[in-house]
1. Mind listing whichever residues of region B:60-82 are over 19 Å from residue B:180 (Cα atoms) and surrounded by fewer than 22 Cβ atoms within 10 Å (Cβ to Cβ)?
2. Going through region B:102-117 one residue at a time, which ones are at the interface with chain A (Cβ under 7 Å from one of its Cβ atoms) and out of contact with any strand residue (DSSP E or B) (no Cβ under 6 Å at 6 or more places or on another chain)?
3. Among the residues of region A:19-75, what is the count of those that are at pLDDT below 85, on the phi > 0 side of the Ramachandran plot and part of a loop (DSSP other than H, G, I, E, B)?
4. Look at residue B:60 and say whether it is modelled with pLDDT of 90 or more and within 11 Å of chain A (Cβ to nearest Cβ).
5. Being surrounded by fewer than 17 Cβ atoms within 10 Å (Cβ to Cβ) and either under 24 Å from residue A:104 (Cα atoms) or within 9 Å of chain B (Cβ to nearest Cβ) (or both) is the filter here, so list the residues in region A:45-68 that pass it.
6. Taking residue A:180 and the conditions (1) under 30 Å from residue A:267 (Cα atoms); (2) modelled with pLDDT under 95; (3) surrounded by fewer than 21 Cβ atoms within 10 Å (Cβ to Cβ), which numbered condition does it fall short on, given that it satisfies the others?
7. How many of the residues making up region B:132-142 are assigned to a helix (DSSP H, G or I) and buried (at least 22 other Cβ atoms within 10 Å of the Cβ)?
8. Residues to consider are B:340, B:360, B:382; find the one that is closer than 22 Å to residue B:284 by Cα, surrounded by 14 or more Cβ atoms within 10 Å (Cβ to Cβ) and touching a helix residue (DSSP H, G or I) at 6+ places or on another chain (Cβ under 9 Å).
């Protein structure tokens, strides 16, 4: 609570911060623990899901539609599945983080109406729990590309970490704004499903960006998730540093999303308990 | 509240004058959305504006709560007292004015709010504790106390959805009370669980009072206001009417709690919507003449009434109280299965006792007429009759009533 004297104020900000940190950890753990409660395979499900996507997309796009990906240069990799996963895993993380955040306030309405805590922790904890799964997946993918001979991925690890961080910030910003909007308009949840479906094919995940020309290429360049996918493919598949232009565009989008998300959320936050 | 609370209130330090909660010119507006745009379609069709009507739940409320004080918020439903409490917890944000609270706050608004049904009691204690502002380390230190106090025992590792509602609430209370707050905000939640647990809760609250914590409680119970509170704020229609000692405020409040109150000729308070009114109450003999009842003898209580319009299915009720206002019995027409289909004009109702078991002494009688579900009162006349019960066949002298036991040796 706000103290009257400046030192007290500083103390209370510190207290609020440490309190929020513990609560953030607890909310994230709640998400993680409750996700696979009472399921026999438990955590394995979080890996079965992307593996299924991988198999389906590899069969459909790699074999049936015969999408050809170039050999990774300089890594020399030539496996559609690896190319696919490099773009697909960040995308899946992004969508599950945003989808989860959007409903997080409405789902916790009882909590919001009956107790006080910084409300932004709810969408943030959802993103964090999705991030935990994502880190495990990325760890396994890294092992796989190393096993297939892209040793450079090891030196490029800082880029992987940076990319994950940027996607996380981007997803948090969108999650904050959309979760707040969803309190007023429940359409957001439904709209998002369709938007992500379109957005997925506007992102070069199941096809290489080299397939695109002209105006479609320009459209793709406006898509931050395309930058994320291209950068990750560059690092994990090609084994080279990502283009600074794409990295910069992603960073800019992430910062704008975070700023807008926070601004929207702050505006809505004081009235949440009565609007829910 | 129990005697324990009274003892506690006598032995603890008097509250200080240092302001712990400073409420300044607080107003809170709710939008009553009659046609709320909860989908995009309706927003587009109707334009950006929703059809809203403002409702001021609080208007220009200012007061201070001092350190170590137990402060009551009273008022009718919808008077703004709970809104005030929620503003203090920061769940709601006032539209105008400010509220400053010094120290760590814990609120008992709903016990176990935020428990996740699939998670175990243990996991929920940590989650709920964190929501209430406890650090991980504090929680680890207090964990055993929390579980002990709740009496959950080995069930602590079961998912809480398998808990009985009693266990659920006990665990919720136990976490909340162990936050060790400087300021405790309580919203009529203490009336939970079985009697034994309620006793523990009351003891714990008394303990907090004794140790100099500041407590703000919303309550309907005049008993607990008198027993627990040092000062009371009285709310009506979102405005603060008065702040004062429990005695001052409850006297005024009880006299004026109904919106459509009116005062009868004798200056005694009386309230109700007045479609049907109680015109008198007496004990009568077989000939219908006024008399004093005798302890242990047959007696008849006659309630006379009149109506201004036909009244469907009224419920008559009376309460017999001792001179300190403690109710001894309070039967009504629903208990007695005597609800007339309609009354119109003047009339009377008799309640006959084969054996009037009150011991000799002086008693007060409240009389009221309610609608059938007993939600609306047509007329409530507290202490309309002061009656002396004369000595009779009953020879007992201890207490207020005789249970008319027959004594025998086997």
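1. B:60, B:62, B:63, B:64, B:76, B:77, B:78, B:82
2. Passing the criteria: B:110, B:113, B:114, B:116.
3. 1
4. Details: modelled with pLDDT of 90 or more: yes; within 11 Å of chain A (Cβ to nearest Cβ): no.
No, not satisfied.
5. A:45, A:47, A:49
6. Every listed condition holds for residue A:180 apart from (3).
7. Taking region B:132-142 first, the residues assigned to a helix (DSSP H, G or I) are B:136-142.
Now restrict to residues that are buried (at least 22 other Cβ atoms within 10 Å of the Cβ): B:139.
Residues meeting the conditions: 1.
8. Values: B:340 fails: touching a helix residue (DSSP H, G or I) at 6+ places or on another chain (Cβ under 9 Å); B:360 fails: touching a helix residue (DSSP H, G or I) at 6+ places or on another chain (Cβ under 9 Å).
Exactly one of B:340, B:360, B:382 is closer than 22 Å to residue B:284 by Cα, surrounded by 14 or more Cβ atoms within 10 Å (Cβ to Cβ) and touching a helix residue (DSSP H, G or I) at 6+ places or on another chain (Cβ under 9 Å), namely B:382.
The values are calculated or read from the model by the stated rules, or taken from the named source; none is laboratory data. For clarity, every value in this text was computed on a predicted model and none was experimentally measured. With ideal geometry, Cβ positions are generated from the backbone for all residues, glycine too; neighbour counts draw on all protein chains shown.
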